[in-house]
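Some notes on the structure that comes next.
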Amino acid sequence: RWLLLRNRANLQDEQALKLEELLQANQPLMTVYVLKDQLKELWYAPSEGEAKQRWQDWLNLAMSSGLAPVQQFARRLKGYIEGIIASAVYRMNTSVLEGMNNKIKVIKRMAYGYRDNEYFFLKIKAAFPGKAR
């Protein structure tokens, strides 16, 4: 199980050999493993158009795999595709958001509450200047 969940690049030589033997012995498992790797590539698409193309290619492969659980998973994933494509284009994870929330809380604590909301939002904007263009 752990061999299937790990990235192929992170496997030691002995583990990679065991994985190859396992995948050669079980064709449906090989199909799912290949589909898993292709689906991961969706998150590394350089553009929205490329992400949509990768999704369409993956969906076609999943539906033509002949494996009912894979087809069911693909149908369920369809409802989330806009968010998946957005996460491929706008690379922001929760760690960045948690850090921003923490910094806002510190600003609020330092002032013991601002009476003027506009000033509070200006302080937040000053704390996160963004990227200079």
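The values are calculated or read from the model by the stated rules, or taken from the named source; none is laboratory data. Note that the coordinates shown come from a computational prediction; the quantities given were computed from them, not determined experimentally. All Cβ positions, even for glycine, are placed from backbone atoms using ideal geometry, and neighbour counts span all protein chains on display. These area figures cover heavy atoms from the full protein model, side chains too; ligands, DNA and RNA do not enter into them. Shrake-Rupley method; radii C 1.70, N 1.55, O 1.52, S 1.80 Å.
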| field | Overall Cα dimensions of segment 72-133 - principal axes, largest extent first, Å | value | 53, 29, 19
| field | Accessible surface of the chain, 1.4 Å probe, proportion on carbon and sulfur as whole % | value | 55
| In segment 56-112, the trypsin sites (Lys or Arg not before Pro) that fall in loop regions by DSSP, at most 15 other Cβ within 10 Å | ARG91
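Rule-of-thumb check for the chain: C-alpha Rg over 2.2 N^0.38 Å? Could you put the intermediate results ahead of the total?
Values: Rg = 22.1 Å, N = 133, 2.2 N^0.38 = 14.1 Å.
Output field value: 1.57.
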| query | For segment 30-133, which chymotrypsin sites (Phe, Trp or Tyr not before Pro) are both in a DSSP coil and crowded by at most 12 other Cβ atoms within 10 Å? | reply | TYR80, TYR90, TYR112
| On full extension of the chain, what length is gained from VAL89 through ALA25, given 0.36 nm per residue of separation minus the C-alpha to C-alpha distance? | 19.3 nm
| field | Karplus-derived HN-Hα couplings along segment 65-76 (A = 6.51, B = -1.76, C = 1.60, θ = phi - 60°), whole Hz, x at Gly and Pro | value | 5, x, 9, 4, x, 5, 5, 5, 4, 5, 5, 5
